[in-house]
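Notes to accompany the following structure.
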Amino acid sequence: HLVGRDRQIAEASGRGSTAETGGGASAQVAEERWLFATGWSLPPEDCAEFLVPGVFGNDSFRPPYPYWGRLGRPHGFVAGKMMPNYRQHTVYLGLIPLVCAFFAVCVWVMGRRRRPVPDEKPPASPASSAPPVSDIPFWCAVWIVTLLLAMGRYTPFYRAFYALPYMDYLRAPVKFLHLTEVATALLAGFGLNALLADGTAGRTRRLLFPAVSVLAGLLGAAALLAMG
C-alpha cells in the first residue's frame, strides 16, 4: 500500500516514477510530497461556515452556488486557466450545537471558580445536583487539536504532525474535522444537560443568552457578507 502511495505522489507531481522518493529525496521532491499531502487543508476563513452554511458556496461544480473558496485549490492556482478546487461537502456545524458547547465551557469555568461553602450540605438527591463536567476540558482539547490538524498547511502545528513516521502518507487534513464534529456534539450534549439540570446556577444559565446574542449577530453579519 505504501509503494502504491509513493507512486501516486510521484504521478501527481508529474515525475511518473518513485525513483526520487527514497532517503536522499531532494528539497523539490519533499516539497511536492508536502503539497500532495496538504492539498485539502481547511482555510481559516472557511471556519465562518461553522455558523453560516455555504458562505463560500456549496459543493464544487454544483449550481447555482458552487464552492469558490480555497479548500482543494491546486498549488500555483491561476484564475481562468485551472480547475479552481474540488470540495464534496460543507463544513457547517450549526448555531445551536456551538451555543450549547460554549455553554458547557462556561459551566465548567464557573464551576472551577466557585468556592465550596463551609459546612455546605450535600444535595438532597442526585436529580438536584449539577451534572458532572470533568470531561469538558478533554473534549475542548480534542476540538482545538483536531481543528488545527484540519487546517493543515495553514498552521505551523501540522508541520510537527507531518514529521511523525508515516504521517506524510496521509492526504486531505480537512478530514480531521470529522473529529471536531464529534467533539462539538459531545460538548453540546454537556451544555444542554447542564442547561436543563436543576442544580445549574442561575447566573451561569444566564450566560447562555449573551452567547446566543453574540453568535446570532455574527451569523447575521456573515449572511449579509455572503449575500453581498
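The values are calculated or read from the model by the stated rules, or taken from the named source; none is laboratory data. Just so it is clear, the structure is predicted and the values come from calculations on it, not from any experiment. These accessible areas exclude ligands, DNA and RNA; they are computed on the full protein's heavy atoms, side chains included. Shrake-Rupley method; radii C 1.70, N 1.55, O 1.52, S 1.80 Å.
Remark: segment 35-108 carries 50 Å² of accessible area per residue (probe radius 1.4 Å; ligands, DNA and RNA excluded). The Rg/Rh ratio for segment 136-179 is 0.99, where Rg is the radius of gyration of the alpha carbons and Rh is the Kirkwood radius.
Where the accessible area of segment 25-68 is counted over protein heavy atoms with a 1.4 Å probe, how much of it, in %, is carbon and sulfur? It is 66 percent, rounded to a whole number.
Rg ratio for segment 23-102: its Cα radius of gyration over 2.2 N^0.38 Å, N being its residue count, equals 1.37.
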